[in-house]
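Participant: Handing you a structure now.
Just so it is clear, none of the values below were taken in a lab; they were calculated from the coordinates. Values in this document were obtained by computation on a predicted structure and should not be read as measured data. Counting neighbours? That spans all protein chains shown, and the Cβs are built from the backbone with ideal geometry, glycine included.
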Amino acid sequence: MLTLKDATLRREACLVGGEWIAADDGRVDDVTNPADGSRLGRVPRLGEAETRRAIDAAEAALPAWRARSAKERGTLLRRWHDLLLAHQEDLAALMTAEQGKPLAEARGEIGFAASFFEWFAEEGRRTYGDVIPSPQGDRRLLVVKQPVGVCAAITPWNFPAAMIARKAGPALAAGCTIVIKPAAQTPYSALALAELAQRAGIPAGVVNVVTGEARAIGRAMTESPKVRKLTFTGSTGVGKLLLRQCADTVKKVSMELGGNAPFIVFDDADLEKAIEGVMQAKFRNAGQTCVCANRIFVQAGIHDAFAARLAEEVARLRVGPGAEEGIQVGPLIDAAAADKVVEQLDDALAKGGELLVGGERRGATFLTPAVIAGATPQMACFGEETFGPLAPLFRFEDEAEVVALANATEYGLAAYCYTRDLGRAWRLSEALEYGMVGINNGHVSTCEAPFGGVKQSGLGREGAHQGIEDYLETKYINMAID
Ligand code: ADP
C-alpha cells in the first residue's frame, strides 16, 4: 500500500476551473502498478463534454491571467517549483508506483520538472519584442509578443511530471492557460501537480487536468476553435493523427515524437567514458525514453573491447520493483511493452544476432537488460524505436558509412557520438540529421537547452529561451506619427 506523508497529493478527481470533478456519468479507470499489476486506485473517465467545459474554464481564466505582469506570473510559477521540491519524496513515490521507474530516477524527474517552472518563471520576463528602423520617416514599426491563448497538452507516461512541466511552465509564463491530458497509465503525477498548482495560488482555470478517454478528449481539444495551440509528446503515429485533426482549426502545434537515436563510438573514443555514456543513454527509465540510444554503432577497432565491457556492466544492473532500494532498472510500463522488446530481440536472434547478456523475461513486465552483437540494418531494432532495455551493437568501418547508417531513419531526435578527434566531432555534429547531438556524453536534456527533433521526430522546441516562443504570437504594429 502506498503511503504518502501528505495524503491529499493523491487526487482521484480532475481539476476543471478550480473544482475537483468526477465524470458526468461517474465512470472511472483503474490505475495499476506496473511492478506487480496491483490496482493503485481509480481516476475519472472523462469524455468530450467535460473536456469542453475544461476548455471553457481555461478560456474564462485567460483574460485575467494574460493581464498579469510576467513578474507576477513568474512568482506563482516559482511557488509551484518550490512546492514540487518540498514534496519531492511523495511525488517520487507516486510516480514510481504508477510508472515503475526506480525511486532515485523518480526523485530526479521531480527536480527536472521543477526546473522548468523555475526557468520559465524567469524567462517570461524576457519575451522581448523589436523596434524596426522604418523605411518612412513618419512611421514607427514595432513587434510585440503576446500569449497564444488557450493551450491543450497531451502527455505521455514515460516522464509523467517533467513532460507536463515542460509545457505548462512556458505556457503559463507566456500568459496562456492550459488543459492537460496525462497518459492513462500515469494520472496521479499529473493530478498531484494540479493540486500543487492550486496551493501555489495559480488562479482557477489557468491549469486544468482531464483524465479519461484519450480519443474523445483529443477530439474535443483539436476540434475546439477556442484552443489555439496543441502541444503533444508521444508516439509519431498519434502525433500525425493529432496534426491532421488540428488542421481544420489551423492550430499552432508542438510535437515531441519518437526517436531512433544512434550512439556512435569511434576507435579513438575513451572506452570507459563511452561505456558510462551508453549505460545512461540506453538504460535510463528501462530504455523508455525518446532520446534513448536505440542503435549502437561501434567502430571495428574498439568493437570487441566495447562489447565485452558493456556486457559486463549490463550484467551488474539490478532489476526489480522501482520502490526497492538500489534498483536500477524497473518494470516496463505494461506487458505489451515488454512483448514488443522481446519481439525485437527474437527477430535479431533469428537474423544472426548474438545475445551477449540478458534478455530474460521475468513476469509480465520485467526484462533483464540485453546486449546483442552482430546487429544489422535488416533487423527490426534498426528501423523501429525499441523503447526498452535492448542494446544492439552494429559494427562499422569508417565515418562516411556510419553517418549514412545513422541518418537512415525517418526519425531525428537525439544522436550521440564518442570520439577524441576534434575535427570529427565537429563534422559529425553537422552531418547527423538530429535535433540534439551529444558529443562524448550520453545525457543532453536540461531546462536551459532546446529539446526537440527534426524529420518525423517533431515540430518545435521545449526548454531554453526557444521554448517560450512556441507559446507566443508575434504581433507587428505599424504606427503613423504624423
Ligand atoms: P505510447 O505508445 O507511448 O503510450 P501514445 O502516443 O499512444 O504513446 O500516448 C501519448 C499520449 O497520447 C497519451 O496521453 C495517450 O493517452 C494519448 N493518446 C493516444 N491516442 C490518442 C488519440 N487518438 N487522441 C488523443 N490522444 C491520444
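Participant: Can you tell me which of Gly438, Gly388, Gly423 is under 26 Å from Ala305 (Cα atoms), in a strand (DSSP E or B) and small (Gly, Ala, Ser)? Full working, then the answer.
Facilitator: On the way: Gly388 fails: in a strand (DSSP E or B); Gly423 fails: in a strand (DSSP E or B).
Exactly one of Gly438, Gly388, Gly423 is under 26 Å from Ala305 (Cα atoms), in a strand (DSSP E or B) and small (Gly, Ala, Ser), namely Gly438.
Participant: Please specify each residue of the range 312-344 satisfying the condition of being part of a helix (DSSP H, G or I), crowded, with 20+ Cβ neighbours inside 10 Å and more than 16 Å from the ligand (Cβ to nearest atom).
Facilitator: Correct list: Val314 only.
Participant: Would you confirm whether any residue within the range 90-100 is of a type in the set (Val, Ile, Thr) and surrounded by fewer than 20 Cβ atoms within 10 Å (Cβ to Cβ)? Working first, answer last.
Facilitator: At the first step, the residues of the range 90-100 found to be of a type in the set (Val, Ile, Thr) are 96.
Pick out the ones that are also surrounded by fewer than 20 Cβ atoms within 10 Å (Cβ to Cβ) and you get none.
No, there is no match, as no residue in the range 90-100 is of a type in the set (Val, Ile, Thr) and surrounded by fewer than 20 Cβ atoms within 10 Å (Cβ to Cβ).
Participant: If you don't mind, another one. Checking the structure you have, find out if any residue of the range 357-369 is within 16 Å of the ligand (Cβ to nearest atom) and either crowded, with 17+ Cβ neighbours inside 10 Å or free of Cβ contacts under 8 Å to residues at least 12 places away in the same chain (or both).
Facilitator: yes
Participant: In addition: Output the residues belonging to the range 210-230 that are assigned to a loop (DSSP other than H, G, I, E, B) and free of Cβ contacts under 8 Å to residues at least 60 places away in the same chain.
Facilitator: Pro225 - this is the single residue of the range 210-230 that is assigned to a loop (DSSP other than H, G, I, E, B) and free of Cβ contacts under 8 Å to residues at least 60 places away in the same chain.
Conditions tested, residue by residue: (1) more than 8 Å from the ligand (Cβ to nearest atom); (2) of a type in the set (D, E, K, R).
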{"residue": "Ile178", "(1), (2)": "yes, no"}
{"residue": "Leu191", "(1), (2)": "yes, no"}
{"residue": "Leu196", "(1), (2)": "yes, no"}
{"residue": "Ala200", "(1), (2)": "yes, no"}
{"residue": "Val206", "(1), (2)": "yes, no"}
{"residue": "Val210", "(1), (2)": "yes, no"}
{"residue": "Arg215", "(1), (2)": "no, yes"}
{"residue": "Leu230", "(1), (2)": "yes, no"}
{"residue": "Ser235", "(1), (2)": "no, no"}
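Participant: Read through the list (1) crowded, with 20+ Cβ neighbours inside 10 Å; (2) in contact (Cβ under 8 Å) with a residue 24 or more places away in the chain; (3) under 22 Å from Gly388 (Cα atoms); (4) not aromatic (Phe, Trp, Tyr), then give the number of the only condition that Gly37 fails.
Facilitator: Going through (1) crowded, with 20+ Cβ neighbours inside 10 Å; (2) in contact (Cβ under 8 Å) with a residue 24 or more places away in the chain; (3) under 22 Å from Gly388 (Cα atoms); (4) not aromatic (Phe, Trp, Tyr) one by one, Gly37 breaks only (1).
Participant: Quick one: is Ser115 polar (S, T, N, Q), away from the ligand (no atom under 16 Å from the Cβ) and assigned to a loop (DSSP other than H, G, I, E, B)?
Facilitator: For Ser115, the condition - polar (S, T, N, Q), away from the ligand (no atom under 16 Å from the Cβ) and assigned to a loop (DSSP other than H, G, I, E, B) - is not met.
Participant: Which of the residues that make up the range 396-420 are within 23 Å of Ala305 (Cβ to Cβ) and surrounded by fewer than 16 Cβ atoms within 10 Å (Cβ to Cβ)?
Facilitator: Glu397, Asp398, Glu401, Arg420
Participant: Is there a residue in the range 141-148 that is over 17 Å from the mean Cα position of the chain (by Cα), more than 15 Å from the ligand (Cβ to nearest atom), within 18 Å of Ala464 (Cβ to Cβ) and free of Cβ contacts under 8 Å to residues at least 60 places away in the same chain?
Facilitator: no
Listed here are the residues, each with its yes/no results for (1) of a type in the set (Asp, Glu); (2) assigned to a strand (DSSP E or B); (3) within 30 Å of Gln280 (Cα to Cα).
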| position | (1), (2), (3) |
| --- | --- |
| Glu109 | yes, no, yes |
| Met163 | no, no, yes |
| Lys167 | no, no, yes |
| Ile178 | no, yes, no |
| Gln185 | no, no, yes |
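Participant: Could I ask something else about it? Identify the residue in the range 226-246 that is aliphatic (A, V, I, L, M) and over 16 Å from Cys290 (Cα atoms) and, among all such residues, is surrounded by the most Cβ atoms within 10 Å (Cβ to Cβ).
Facilitator: Here the residue is Val227.
Participant: Would you check if Ala23 is out of contact with any helix residue (DSSP H, G or I) (no Cβ under 6 Å at 6 or more places or on another chain), crowded, with 17+ Cβ neighbours inside 10 Å and more than 30 Å from Ala338 (Cα to Cα)?
Facilitator: Details: out of contact with any helix residue (DSSP H, G or I) (no Cβ under 6 Å at 6 or more places or on another chain): yes; crowded, with 17+ Cβ neighbours inside 10 Å: yes; more than 30 Å from Ala338 (Cα to Cα): yes.
In short, yes.
Participant: Would you confirm whether or not the range 379-391 contains a residue that is surrounded by fewer than 16 Cβ atoms within 10 Å (Cβ to Cβ) and without any contact (Cβ under 8 Å) to a residue 24 or more places away in the chain?
Facilitator: No: the range 379-391 contains no residue that is surrounded by fewer than 16 Cβ atoms within 10 Å (Cβ to Cβ) and without any contact (Cβ under 8 Å) to a residue 24 or more places away in the chain.
Participant: Quick one: which of Val16, Val31, Val43 is in contact (Cβ under 8 Å) with a residue 40 or more places away in the chain, within 25 Å of the chain's Cα centre (by Cα) and under 21 Å from Ile202 (Cα atoms)? I'd like the intermediate steps shown before the answer.
Facilitator: On the way: Val31 fails: under 21 Å from Ile202 (Cα atoms); Val43 fails: under 21 Å from Ile202 (Cα atoms).
Being in contact (Cβ under 8 Å) with a residue 40 or more places away in the chain, within 25 Å of the chain's Cα centre (by Cα) and under 21 Å from Ile202 (Cα atoms) holds for just one of Val16, Val31, Val43, which is Val16.
Participant: List, please: which pairs have Cβ atoms under 6 Å, are six or more places apart or on different chains, and start with a residue in the range 166-183 that is of a type outside the set (A, V, I, L, M) and end with one that is within 12 Å of the ligand (Cβ to nearest atom)?
Facilitator: Lys167/Ala153; Lys167/Thr231; Lys181/Ile154; Lys181/Val210; Lys181/Ile217; Pro182/Thr155; Pro182/Ala190
Participant: Moving on. Pick out, from the range 247-307, the strands (runs of 3 or more DSSP E) lying fully within it that include 3 or more residues that are of a type in the set (Val, Ile, Thr) and surrounded by 22 or more Cβ atoms within 10 Å (Cβ to Cβ).
Facilitator: On the way: elements: 252-256, 261-265, 293-299.
Where strands (runs of 3 or more DSSP E) fall fully within the range 247-307, none carries at least 3 residues being of a type in the set (Val, Ile, Thr) and surrounded by 22 or more Cβ atoms within 10 Å (Cβ to Cβ).
Participant: Among the numbered conditions (1) closer than 25 Å to Gly453 by Cβ; (2) free of Cβ contacts under 8 Å to residues at least 24 places away in the same chain, tell me where Asp346 comes up short.
Facilitator: Answer for Asp346: the failing condition is (1).
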